[in-house]
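Asks: I am attaching a structure below and will ask some questions about it afterwards.
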Amino acid sequence: MLMLHIGCGDVYFDHWINIDLESEKADLHHDLRHPLPFEDNSVDFIYNEHFIEHLTLQEGLAAMADFYRVLKKGGVVRIATPDLDYLIFRYIFFWKHQEWIKKYGYRRLKTRAEMLNLCFREWGHQYLYNQQELKRRLKEAGFHKIYSQKFQKSKYPELRNRETRKDSKLILEAVK
């Protein structure tokens with residue numbers, strides 16, 4: 001079984017090929033703005049968390065199309081990312097009460113506008129998605145079976161308990 005962990009950063013999954021451009025933990029160093037070095041229809045599962053938002057819209061669409069290319073028929077990609085709708089909700093309600101603000105030292109933020117702009121521009125973010133937009137782009141990439149998932153839940157055992165960040169509020173699985 002061939003399973004790819006895209007944009008792994010410091011998170012290493014046993015029995016997966018962990019792919020990242022810079023991480024020392026990666027099994028494969030690869031710039032994911034370029035096609036994956038795998039044959040068409042050769043991969044069973046692809047997982048990424050807090051990766052897709054670091055690509056521009058066009059780079060993200062190209063990456064999703066490449067995921068589709070390398071997945072076998074019945075193969076699944078799981079994307080976990082911040083949710084733009086959730087960020088807008090938190091902008092309006094209780095913006096200071098987010099785990100990442102406390103956990104990662106962002107208590108210095110003074111206004112909800114500062115918080116939202118940080119989410120759009122910090123950490124190399126290029127394009128934030130809500131569910132409607134991510135589904136739209138997955139469909140453009142070729143996927144038609146797209147399902148919303150709960151944190152660490154999946155009907156596929158290989159994709160369960162993968163999220164490591166509680167701010168992964170938007171999680172979709174798409175089946176080729």
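Values in this text are rule-based calculations from the coordinates and carry no lab data. Not measured: the values here are computed from a predicted model. Every residue, glycine among them, receives a Cβ derived from its backbone with ideal geometry; neighbour counts consider all protein chains shown.
Asks: Within the set LYS25/LYS139; LYS96/LYS135; LYS96/LYS139; LYS72/LYS155; LYS155/LYS176, which residue pairs have Cα atoms separated by over 25 Å? Let's see the in-between values first.
Replies: Values: LYS25/LYS139 32 Å; LYS96/LYS135 29 Å; LYS96/LYS139 35 Å; LYS72/LYS155 18 Å; LYS155/LYS176 15 Å.
Pairs exceeding the cut-off: LYS25/LYS139; LYS96/LYS135; LYS96/LYS139.
Asks: In nm, give the distance between the simple-model label positions of ARG136 and HIS97, each being 7 Å from the Cα along the Cα-to-Cβ direction.
Replies: With each label point 7 Å from Cα toward Cβ, the separation is 3.2 nm.
Asks: Here is a further query. Starting from 0.36 nm per residue, how many nanometres of slack lie between TYR106 and LYS150 once their C-alpha separation is accounted for? Don't skip to the end; give the middle numbers.
Replies: Numbers: separation 44, 0.36 × 44 = 15.84 nm, distance 2.62 nm.
Net length gain for the segment: 13.2 nm.
Asks: Can you tell me how much longer the chain between TRP123 and ARG160 gets when fully stretched, taken as 0.36 nm per residue apart minus their C-alpha distance, in nm with one decimal? Working shown, then result.
Replies: On the way: separation 37, 0.36 × 37 = 13.32 nm, distance 2.62 nm.
Once the chain is fully extended between TRP123 and ARG160, it gains 10.7 nm.
Asks: Could you calculate the contour length gain from SER42 to GLU24, that is, 0.36 nm times the residue separation minus the distance between their Cα atoms, to one decimal place in nm?
Replies: On the way: separation 18, 0.36 × 18 = 6.48 nm, distance 2.54 nm.
Additional length available on full extension: 3.9 nm.
Asks: On to the next question. Show that you can apply the helix-only estimate: for the chain, add -39,500 (n - 2.57) for every DSSP H stretch of four or more residues, divide by all residues, and state [θ] at 222 nm to the nearest 500. All intermediate terms of the calculation are to be shown ahead of the outcome.
Replies: Working: 5 runs with 48 residues, N = 176.
Computed ellipticity for the chain at 222 nm equals -8000 deg cm²/dmol.
Asks: Follow-up question, since we're still on this one. For a protection proxy built on the mean count of beta-carbon atoms within 10 angstrom, sort 17-26, 116-125, 162-171 highest first, please. Walk me through the numbers on the way to the answer.
Replies: Details: 17-26: 16.3, 116-125: 13.3, 162-171: 19.0.
Output ranking for 17-26, 116-125, 162-171: 162-171, 17-26, 116-125.
Asks: If you build the convex hull over the alpha carbons only and average its shadow over all orientations, what do you get for the chain? Give it in nm² to one decimal.
Replies: On the way: hull surface 38.7 nm².
The directionally averaged projection comes out at 9.7 nm².
Asks: Among the aspartates and glutamates, select those whose C-alpha is under 14 Å from the C-alpha of LYS166, and discard any that sit fewer than 8 residues away in the same chain.
Replies: Counting by Cα, and skipping residues close in sequence, LYS166 has these aspartates and glutamates nearby: GLU49, ASP83, GLU99.
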